[in-house]
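First up is the structure itself, then whatever we jot down about it.
The values are calculated or read from the model by the stated rules, or taken from the named source; none is laboratory data. Remember, it's a predicted structure, so these values are computed and weren't measured experimentally. Virtual Cβ from ideal backbone geometry, glycine too; neighbours counted across all protein chains shown.
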Amino acid sequence: MIEIAWIGLILIIVAWAIQILSLSKGKKELLLSFLGLQALGIILLVMSDFLTKYALSTLGMLNALSLIGAIVAMILLMKKK
């Protein structure tokens, strides 16, 4: 299940690259694509942790909490538009 974790981390890195590129162009808002890729990457990390141990470790639980933050930010951003 390590492959799932790698894909998740790659998605998170791509999300940050997109957001940083947007910021470098002078835009000052969070991109929905950033939040979506971030959430998807975190979901894959949590899945990897669960499938490896058949339970969530402390790190998996912390990842799940960060997923909640990404989802709340996405909801707020979509309400704004």
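Tabulated values for the structure
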{"item": "Positions within the stretch 36-54 being under 22 Å from A17 (Cβ atoms) and either touching a residue at least 40 places away in the same chain (Cβ under 8 Å) or hydroxyl-bearing (S, T, Y) (or both), in sequence order", "result": "L44, L45, S48"}
{"item": "Residue tally, condition closer than 17 Å to I7 by Cβ and at pLDDT 90 or above, over the stretch 52-62", "result": "0"}
{"item": "Filter result for S57 (of a type in the set (S, T, Y), loosely packed, with under 15 Cβ neighbours inside 10 Å, touching a helix residue (DSSP H, G or I) at 6+ places or on another chain (Cβ under 8 Å) and over 20 Å from Q19 (Cβ atoms))", "result": "yes"}
{"item": "Leading residue by the ranking (surrounded by the most Cβ atoms within 10 Å (Cβ to Cβ)) among those in the stretch 23-54 that are closer than 16 Å to I12 by Cβ and either of a type in the set (V, I, T) or in contact with a Lys or Arg (Cβ under 9 Å, 6 or more places away or on another chain) (or both)", "result": "I42"}
